[in-house]
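The values are calculated or read from the model by the stated rules, or taken from the named source; none is laboratory data. As the structure is a prediction and not an experimental result, all values here were calculated from the model. Backbone-built Cβ (ideal geometry, glycine too); neighbour counts: all protein chains shown.
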Amino acid sequence: MLEVCEPNAAYLQSPTPLLFLAVEWGSCELVRKLVDFGADPFEMGDDGRNALHYLEVNAGEDLVEMLLNLHVAPVLTRDGQSPAETIFTAFNDSLFWDPDPDRPNRRPVNHRPLDFGAFNRLLTVEVLGSRNSEGAGLWERFATGVLGTWASKWPPGSNVWESLQTAVDCLIEKVIPVRYEEETGKCALVPVLSAWMGYATTHDKWPVRLGEMLCSILRVSTKVESFQQSPTAVQCLKLAVEQGHRDVVVMLLDLGVSVHAQHESVSALESACLPESTCPPAMFDKLLEHADPKKLNCVDGFRSHFLFRLLDDGVSHRTHKLSALVDKGCDPNALTPAGVPMVVAYINNRETNAAIILLEKGANPALSLPSGLDAALAAASSGDLLVLEKIRSISSTDSHPWGKCCTYDFSRVVGPKVVPEMARQWGCNALHLAAAHGHADVLQFYLGFPDLDVESQTADGWRPLHFAAACAADGGSCVRLLLEHGADPTATLPFPMDQNPLNLASISGATEAVRLLLDVGPGIFSRMNIPAAFVEAFRSGKSDLMEPFLPLMHEVIMASAGNTGQTSVLGAVLELCIQNGYEQLAAEAMTMVRPEIMNSIRMRCGRCSPLVLAAAQGRFTLGEIFLDHGMTAWNLVDRCSHLSVISRRLRYPCPALHIALMRPSHPPKYGYGGG
């Protein structure tokens, strides 16, 4: 087109000057023909960019030479960038990395890396001596802008990295980094790292290839000594550890940057122990090679020991780091900020392998909290049989206090309201802790020690069987084991009253435990308060929990202390319903009564029917329920302790109707003529 048209600048009018586009494409021939046709080689855009600033990494040495021979000026754009920097701006365009699939990006910059000769020719005396409005020279601008900021955003796997390495090698050959060091007294790495750290703290990892370039710069630096003690070096090492840049880490460590020096109260070694760090084992071992064993047991302002930092579930390669730290000199008997022995903390955190490592490397299993909780008790609570076996293997049976007691906070169902709350118990041994959490294998382990009694009690009177019965998580295995070892199923807690194992199992909904406790035999039933347990099962509304009680509904049990009669389980249940006003429960219980025995049910006194007791206590709604189910109102009853509220003027024997009328709220009225 240029050949067939008469030379006229009007043909070249374009929103972006055609000369700039030809320079972008790296076409020396087209640039020459455009200039010959009348294109202005000194044209400048609104941003202060001229033809030199449109050069890209595909440019050949001949194109650069031609533009320089045209004496294109100025050297810097309005942003203070030279052609040695703007040559990489194309890689900052998101469309370059993620082009429109309908418009493939076929610019030569995608296919040809930077030519060393072209870039070297671009470094003219004017470019080398240029300074922006803030006084920054070429190296400071290139280091902070191109290396420290732009390159941080470029993805790996492109020829951009080969081009960038070429540019760095060229600048090094021109001793540009050394000149910067002579002028400022700072290491040439400082501007690179300062810019990178400002970006990397809020963005993704720095590309690995940049680490290789840092090593190139470092090899020619004359200010290594001052750099290794600088805050920039410390911060850089910490950030390199956090982002997993092994080459950078090795380089800084070989320089002598301390792994213990802190940035924002955290050292590089501490950073490797944090959950957000991806520090792999090889890098961690490299850090430890440069660690001072005397400083490994120093704690920070928050009293956070290295081993404490590893407690976080998010820490990668935790077991390796823990073992390496202890081998290097970390104290396995260190305490957490809360004063918990480290091995106990790991057991509580269910880190079995880590706890075993600490024990193997000298952690004392007898160290305990002020509450008395030591490693063995913690393992009993968490069900960690492997830890217990390890403690037994490193301690003789006589040397470790297996029967030791502690104070422990249980998340426990306490009382008839079935309200989960923290219940602190004093005097808990391993049997209590294992039973409370449903760890039958741990119970079996501890039952082999002679100084532990299956009937041992806490300060509040709780026995292992009480805890096991109240635990619905283990399918009754702990209850079964304790019963096999002679635990008393009738043992009642001093508080709350009438809470025996069967009652606790019913409250907790531990169906299998209920079945096991009801299988102990009828000779023990009278001491187990089966009716109270059945009421709790009934109140739960769970049919599988009520089912074990059903065969016992009509079994005769002994009356309570002070009474001379007998009653069935069902009679005792109805008595509890009357005493407490459980109307719905009573209605459900009546559905279990066979018609032929409806009027033979008696209360614990052996005299009163349910209807009589309901009448005596004013539970008339319950009385209606009994009548609706076919209970007769005409059977006579003699005076008993249940009828103490009834007027003494009533003459016995009498039916329920008379008793209801003689309640204090219904006194008989006598006329003046007599009764």
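Listed by position, the helices (runs of 4 or more DSSP H) inside segment 439-485 whose residues that are at pLDDT below 95, over 19 Å from Ala378 (Cβ atoms) and in contact with a helix residue (DSSP H, G or I) (Cβ under 8 Å, 6 or more places away or on another chain) number at least 1 are 464-469, 477-484. Out of Ser226, Ser163, Ser194, one residue alone is at pLDDT below 85, over 21 Å from Gly244 (Cα atoms) and of a type in the set (S, T, N, Q). It is Ser226. Filtering segment 114-135 to residues that are of a type in the set (Gly, Ala, Ser) and either in contact with a Phe, Trp or Tyr (Cβ under 9 Å, 6 or more places away or on another chain) or outside any loop (DSSP other than H, G, I, E, B) (or both) leaves Gly117, Ala118. Answer yes or no: is there a residue in segment 491-508 that is among the hydrophobic types (A, V, I, L, M, F, W, C), within 18 Å of Ala423 (Cα to Cα), touching a residue at least 40 places away in the same chain (Cβ under 8 Å) and outside the structural domain of Val573 (by the TED database). The answer is yes; a qualifying residue exists. Taken as a whole, the structure places Thr77 among residues that are outside any helix (DSSP H, G or I), in contact with a Ser or Thr (Cβ under 9 Å, 6 or more places away or on another chain) and either at pLDDT 95 or above or among the hydroxyl-bearing types (Ser, Thr, Tyr) (or both). Residues that are part of a loop (DSSP other than H, G, I, E, B) and either without any contact (Cβ under 8 Å) to a residue 12 or more places away in the chain or hydroxyl-bearing (Ser, Thr, Tyr) (or both) within segment 336-361 comprise Thr336, Ala338, listed in sequence order.
Filtered by the rule that a residue be modelled with pLDDT under 75 and touching a Leu at 6+ places or on another chain (Cβ under 8 Å), segment 539-568 gives Arg539, Leu552, Met553, His554. Of the residues Val234, Val257, which is among the hydrophobic types (A, V, I, L, M, F, W, C) and either farther than 22 Å from Gly185 by Cβ or assigned to a helix (DSSP H, G or I) (or both)? After ruling out the rest, the residue left standing is Val234. Within the option set Leu237, Leu255, being modelled with pLDDT under 90 and in contact with a Leu (Cβ under 6 Å, 6 or more places away or on another chain) holds for one residue only, Leu237. Any residue in segment 326-335 that is at pLDDT 90 or above, under 24 Å from Asn348 (Cα atoms) and in a helix (DSSP H, G or I)? Within segment 326-335 (the criterion being at pLDDT 90 or above, under 24 Å from Asn348 (Cα atoms) and in a helix (DSSP H, G or I)), the answer is yes, since at least one residue qualifies. Restricting Ala39, Ala22 to residues that are in the same structural domain as Ile87 (by the TED database) and part of a loop (DSSP other than H, G, I, E, B) narrows the list to Ala39. Could you say whether any residue in segment 362-374 is in a helix (DSSP H, G or I) and either in contact (Cβ under 8 Å) with a residue 12 or more places away in the chain or of a type in the set (S, T, N, Q) (or both)? No: segment 362-374 contains no residue that is in a helix (DSSP H, G or I) and either in contact (Cβ under 8 Å) with a residue 12 or more places away in the chain or of a type in the set (S, T, N, Q) (or both). Here Ser271 meets each of (1) buried (at least 17 other Cβ atoms within 10 Å of the Cβ); (2) free of Cβ contacts under 8 Å to residues at least 24 places away in the same chain with one exception, condition (2). Of all positions in segment 27-36, at least one carries a residue that is closer than 30 Å to Glu162 by Cα, among the aliphatic types (A, V, I, L, M) and assigned by the TED database to the domain that holds Glu140. Within segment 327-347, the presence of at least one residue that is crowded, with 20+ Cβ neighbours inside 10 Å and more than 30 Å from Gly427 (Cα to Cα) is confirmed. Scanning segment 516-539 for residues that are closer than 14 Å to Leu465 by Cα and outside any loop (DSSP other than H, G, I, E, B) yields Leu516, Leu517. For segment 54-61, state whether one or more residues are in a helix (DSSP H, G or I) and either at pLDDT 85 or above or assigned by the TED database to the domain that holds Ser133 (or both). Yes: one or more hits. Quick check on my filter: what residues within segment 225-268 are more than 24 Å from Phe308 (Cβ to Cβ), surrounded by fewer than 18 Cβ atoms within 10 Å (Cβ to Cβ) and of a type in the set (Val, Ile, Thr)? Selection gives Val250 alone.
Can you find a residue that is within 21 Å of Arg515 (Cα to Cα), among the aliphatic types (A, V, I, L, M) and modelled with pLDDT of 75 or more anywhere in segment 586-608? For segment 586-608, residues within 21 Å of Arg515 (Cα to Cα), among the aliphatic types (A, V, I, L, M) and modelled with pLDDT of 75 or more: present.
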